[in-house]
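Structure first, then comments.
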Amino acid sequence: MKFRKLTGTHTGRIILAAVPVAVVSTLLMAGVANGAVPVSFSVSGSQFQISASKLDGTSFSQYAGVAPDTAGKPHQVAIANIGSASLSDLCQSVVTDTPLGKVGLLITAGGGGKPATATDLQIGMTDLKGESTFKNIRIGVDASTVNTSHKGSAGDFAQDADSVTIANLQQTAWSTQASVFTLTGMHVQLTDGSHGCF
């Protein structure tokens with residue numbers, strides 16, 4: 001199943017180190033533990049945190065892009081594409097302001113030696129931390145020629161690699177999409193919003 005890629009842009013040609021994949025947000029909040037994800041969506045007004053003890057991914061690319069919200073406001077992001085991935089000790093958290101105060105949503109999966117898995121991932125992120133290893137990486141390629149099925153705009157700066165491994169992943173993102181996301185041992189809980197994944 002194919003989904004529409006996030007909008008590429010020539011504005012702010014940036015590259016933010018490697019990219020995440022622990023992405024669960026839209027998928028989990030919709031209550032889908034295994035199956036297809038909506039093909040396109042407008043982002044909410046909140047970014048979310050994602051962490052994983054280890055991400056192993058194949059067919060990776062990254063370039064600059066834009067994630068629009070429902071009001072049409074663009075949010076600059078680093079777009080990461082990963083063909084397939086496994087995520088150990090996955091965590092996703094978001095905090096929302098409500099009339100009753102802050103409410104948090106904390107989601108965990110992929111523990112106990114049974115990683116969560118995903119295919120055809122695309123993430124729109126603003127920050128990433130972790131120890132990264134790339135195989136056959138190319139830095140500075142044209143975003144329209146990256147070696148992944150989803151590509152950026154011609155003339156934009158990009159990088160791609162055959163595979164990526166990220167240990168101690170910590171990511172802040174606006175959006176994530178996937179064709180299939182399998183979340184082993186999923187646990188969803190409401191919190192008071194005082195803590196997240198990191």
Be a star and scan the stretch 57-73 for residues whose amide nitrogen sits under 18 Å from the point 7 Å along the Cα-to-Cβ vector of residue 139. 60-64
Under the 7 Å Cα-to-Cβ spin-label approximation, residue 131 and residue 162 lie apart by a distance in nanometres of 2.3
Table column - 3J(HN,Hα) (Hz), the stretch 181-198, Karplus curve with 6.51, -1.76, 1.60, x for Gly and Pro: 9, 9, 10, 6, x, 5, 9, 10, 9, 7, 10, 7, x, 7, 8, x, 6, 7
Between residue 147 and residue 195, what is 0.36 nm times their sequence separation minus the Cα-Cα distance? Round to one decimal in nm. 13.5 nm
Contact order normalised by residue count of the stretch 42-197, Cα under 8 Å, 6+ apart, percent: 34
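Probe radius 1.4 Å, ligands and nucleic acids left out: which of 164, 103 has the largest accessible area, and how do the rest follow? Could you put the intermediate results ahead of the total?
Working: 164 0, 103 55 Å².
Largest accessible area first, the residues go 103, 164.
What FRET efficiency comes out for the pair residue 71/residue 188, r = Cβ-Cβ distance, R0 = 22 Å, nearest 0.05?
Details: r = 28 Å, r/R0 = 1.26.
It comes to 0.20.
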With every protein chain in place, the accessible area of residue 119 for a 1.4 Å probe, in Å² rounded to the nearest 10, comes to 60
Working note, the stretch 95-198: Cα radius of gyration (Å, one decimal) and Dmax (Å, whole number) are 17.0, 51
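The values are calculated or read from the model by the stated rules, or taken from the named source; none is laboratory data. Everything numeric here is computed off the predicted structure, so don't read it as measured data. As a convention, Cβ positions derive from the backbone with ideal geometry for all residues, glycine included, and neighbour counts pool all protein chains shown. These accessible areas exclude ligands, DNA and RNA; they are computed on the full protein's heavy atoms, side chains included. Shrake-Rupley method; radii C 1.70, N 1.55, O 1.52, S 1.80 Å.
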